[in-house]
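Please treat every number below as a calculation from the coordinates, not as lab data. Just so you know, these numbers come straight off a predicted model, no measurement behind them. Quick reminder, even Gly has a Cβ in these numbers, built from the backbone with ideal geometry, and neighbours come from all protein chains shown.
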Amino acid sequence: MPQSPSRPLITAFRDSPDRGRGLARDMRVRWAFEEVGQAYDVRLVSFDDMKTQGYARLQPFHQIPAYHQGDLILFESGAIVLHIAENHAGLLPPNAEARARAISWMFSALNTIEQPTVEREAFLLLEKDKPYFQERLPILDARVNARLRQLSLQLGGGEWLDGEFSAGDLLMVTVLRRPAAFNLLEPYENLRSYIKRAEARPAYRRAFAAQLDVFTESQKNKA
Ligand code: GTB
């Protein structure tokens with residue numbers, strides 16, 4: 001890792017378990033950089049690299065993404081996106097109240113929507129053979145569904161969550177793409193269109209292509 005990178009450097013999986021579907025958390029940071037037109041570098045890391053104490057100086061929980069620019073090191077994808085949004089025009093409205101509302105949407109994406117969806121996914125992945133699995137799965141499904149229903153009602157026929165596209169939409173869409181991958185958005189046509197609208201943004205497409213390139217390269221090296 002360079003001592004004080006002059007342009008932002010983030011970490012991402014060298015060999016992402018999402019197989020290039022843009023579901024890992026570097027995607028939201030890449031997308032934020034693309035939205036504001038900030039060039040960035042990526043340091044690809046293996047699971048072994050992430051376990052080292054050296055890596056913990058970048059990310060105390062040994063996860064991706066971490067962010068480094070100059071003397072500033074940041075972790076937590078939401079904090080990194082907020083930092084980008086606060087330092088460039090385009091992801092937070094200039095009006096103070098609208099800005100505060102956009103930040104509420106950022107927090108709600110991560111705390112209210114992402115939390116139950118990740119809990120459900122981890123349960124599916126890790127507890128399928130447990131005796132309580134069949135009984136507990138509908139409980140976790142219902143928790144996710146309740147939040148999706150509320151979000152769908154809130155979005156209604158709107159294009160974005162609160163006026164112009166913001167970092168709130170950026171985080172919300174990256175969070176929703178995970179339950180969407182499990183077909184949990186089937187009942188919510190407006191949420192599916194919301195994701196499609198976001199995915200059509202040129203900045204999203206550039207970010208998606210960049211992370212997909214990493215996966216494609218990793219496959220070539222395996223062949
Ligand atoms: N709260 C942190 C943040 O938002 O930055 C969470 C970061 C995080 O969970 N990072 C994951 C990680 O580094 C990668 S993105 N995990 C390694 C570890 O914890 O040891 C999560 C992820 C992983 C795989 C898929 N997938 O296969 O689809 C999707 C998302």
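How much length would be gained if the chain were fully extended between Q154 and V118, taking 0.36 nm per residue of separation minus their Cα-Cα distance, in nm to one decimal? List each step's numbers first, then the result.
On the way: separation 36, 0.36 × 36 = 12.96 nm, distance 2.16 nm.
Extra length available between Q154 and V118 comes to 10.8 nm.
Where Lys and Arg each count +1 and Asp and Glu each count -1, what net charge lies around Y55 among other residues with Cβ under 14 Å from its Cβ?
Here the charged neighbours net out to +2.
For every helix of n ≥ 4 consecutive DSSP H residues, a contribution of -39,500 (n - 2.57) applies; sum these over the chain, divide by its total residues, and give [θ] at 222 nm rounded to the nearest 500 deg cm²/dmol.
Calculated mean residue ellipticity at 222 nm is -18000 deg cm²/dmol.
Sorted by mean Cβ packing within 10 Å, highest first, what order do the peptides 102-113, 19-30, 127-138 take?
In decreasing order of mean packing, 102-113, 19-30, 127-138 become 19-30, 102-113, 127-138.
May I ask you to list the residues of the stretch 88-126 whose amide nitrogen lies under 12 Å from a point 7 Å from Cα along the Cα→beta-carbon direction of A146?
From the stretch 88-126, the list is 116.
Can you list the residues, at least 5 places off or on another chain, whose amide H is less than 5 Å from the amide H of R43, using H built in the peptide plane?
Long-range HN contacts for R43: I10, T11, A12.
Which length gain, in nm to one decimal place, applies between Q134 and A79 when the Cα-Cα distance is subtracted from 0.36 nm times their residue separation?
16.2 nm
For R99, what is the net charge nearby, where nearby means another residue's Cβ is under 15 Å from its Cβ and Lys, Arg count +1, Asp, Glu -1? Kindly include the intermediate steps, with their values, before the conclusion.
Values: positive: R101; negative: E86, E97, D162, E164, D169.
Residues near R99 contribute -4 overall.
Just the Kirkwood number for the chain, please: inverse of mean 1/r across all distinct Cα pairs, in Å, one decimal.
Working: mean 1/r = 0.0543 Å⁻¹.
Mean inverse Cα-Cα distance, inverted, gives 18.4 Å.
Could you please tell me the mean projected area of the C-alpha convex hull for the stretch 96-201, averaged over all directions and given in square nanometres to one decimal?
6.7
Would you tally the net charge around G163, using a Cβ to Cβ cut-off of less than 12 Å, leaving G163 out, and scoring K and R as +1, D and E as -1?
Combined, the nearby Lys, Arg, Asp and Glu give -3.
Run the quick spin-label model on F61 and N221: label points 7 Å from Cα toward the beta carbon, then report their separation in nm to one decimal.
It works out to 2.6 nm between the two label points.
When only C-alpha pairs under 8 Å and at least 6 residues apart count, what is the relative contact order of the chain, in percent?
With pairs under 8 Å counted, the relative contact order is 27 percent.
Mind giving me the nanometre distance, one decimal, between the label points for E86 and D213, set 7 Å out from Cα along Cα→Cβ?
The two pseudo-label positions are separated by 3.0 nm.
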